[in-house]
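The block underneath contains the structure these notes are about, expressed in structure tokens.
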Amino acid sequence: MDLLVDVLDPPLFDPFYSRIKDLVTDYVCLVDSPEGIWEISDREIPYAAALRHGICDIIESTSFWDRQSIVRQYLSAMAITMVLSTLFFFICGSICYYLYFDPAFKSHPKFLKNQVRQEIRESMLSILFVSIFTAPIFVAQFRGYSKLYASPEAGPGDWYEIVQFPLFVIFSDTGMYWLHRMFHLPLLFNTMHKGHHRYIIPTPFSAYAFHPVEAYIMSLPAHAYCFALPMSKFAYIVTFVVTNIWSFLLHDNSDAFHTVHHKNVKFNFGQFLHSWDRLGGTYQDPVRFFSPRRSGQSIKQPE
Ligand SMILES: [Zn+2]
Ligand SMILES: [Zn+2]
């Protein structure tokens, strides 16, 4: 994210924040300007002038407009996250939907009326919420609180450039599995996770269709790795993109691992691996699960 902000600062954010500063200064500080909101008040209320001067001093002296300002970093990170997540959602969701989702499932009795529209609406709400609360994580990375490093020389060694990928998968999958199981506890399931399970025949557009708070909590393991263990910025970008694409592929309703979970909520909580499901006794082999459908019987319904 810091790389993106660095790239976008000169052409986009510098002129944007400078324009905002000019507008605020013109509006609040130029007494003689007809737009000056304090002009009339100055004559009628003596304290208004002092207040205006105070505000103008803050506008002039605040470090908010600098690239290193924490507030500016937060707002820039939030805007980038929101825009890129929305673009990613529509591009990746559309590609997976048209390539992998069998349109015949739209006539299945369990496919909801206006389902895709519902999935998109819920996903948009999640993206908005998750962007607001993920931006502080990016700011913490900007300010050096993570173990992200820019080049292999700054990492633990050449071997780690490969090893960090399987480590990330194990780390992230462990977090996702247990958080997912937590969201199946009755209270959390009924207040949050139940919404995602409305989609018994999910489409790729349901990849982000979670309760916003749940979507944020479920995204944390992927961000937590770089705070717990060293991670190259390159690996962070790759794993971030792959994790998100994987979420779309999980929801194409093919006869695969996560589709089982949407048909029967007792099985297959993992994201990348099956290990925790096997250890936790929640694994269900998709081939076995879907074999009645292949032999012409009806699809299994959730219990
Ligand atoms: Zn799902
Ligand atoms: Zn679930």
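The residues of segment 96-123 that are among the basic types (Lys, Arg) and either at pLDDT 90 or above or outside any helix (DSSP H, G or I) (or both), listed by number, are Lys110, Lys113, Arg117, Arg121. Give me the pairs, please: first residue somewhere in segment 96-113 and more than 11 Å from Asn253 (Cβ to Cβ), second residue anywhere and surrounded by 11 or more Cβ atoms within 10 Å (Cβ to Cβ), beta-carbon distance under 7 Å, and either six or more positions apart or on two chains. Taking only residues 6 or more apart or on different chains, the pairs are Leu112/Gln118; Leu112/Arg198. Annotation: of all residues in segment 243-263 being in a helix (DSSP H, G or I) and away from ligand 2 (no atom under 16 Å from the Cβ), the one that is farthest from Thr203 (Cα to Cα) is Thr243. Within segment 146-189, take every residue that is more than 16 Å from ligand 1 (Cβ to nearest atom) and in a loop (DSSP other than H, G, I, E, B) and give me the one that is nearest to His211 (Cα to Cα). Taking the candidates together, the pick is Leu185. In segment 250-267, the residues that are more than 15 Å from His193 (Cβ to Cβ) reach residues that are within 12 Å of ligand 1 (Cβ to nearest atom) and among the charged types (D, E, K, R) with C-beta atoms within less than 9 angstrom, at least six apart or across chains, in these pairs: Thr259/Asp252. Before we move on, is Ile132 part of a helix (DSSP H, G or I) and farther than 18 Å from Met78 by Cα? Here the answer is no, as Ile132 does not meet what is asked. When the residues of segment 174-207 are filtered to those that are within 11 Å of ligand 2 (Cβ to nearest atom) and of a type in the set (Lys, Arg), the one that is surrounded by the most Cβ atoms within 10 Å (Cβ to Cβ) is Arg181. Number of residues in segment 209-230 that are away from ligand 2 (no atom under 14 Å from the Cβ), of a type outside the set (S, T, N, Q) and either assigned to a loop (DSSP other than H, G, I, E, B) or closer than 14 Å to Ser123 by Cα (or both) equals 5.
The values are calculated or read from the model by the stated rules, or taken from the named source; none is laboratory data. What you see is a predicted model, and the numbers here were worked out from it, not measured in a lab. All Cβ positions, glycine included, derive from the backbone under ideal geometry; neighbour counts span all protein chains shown.
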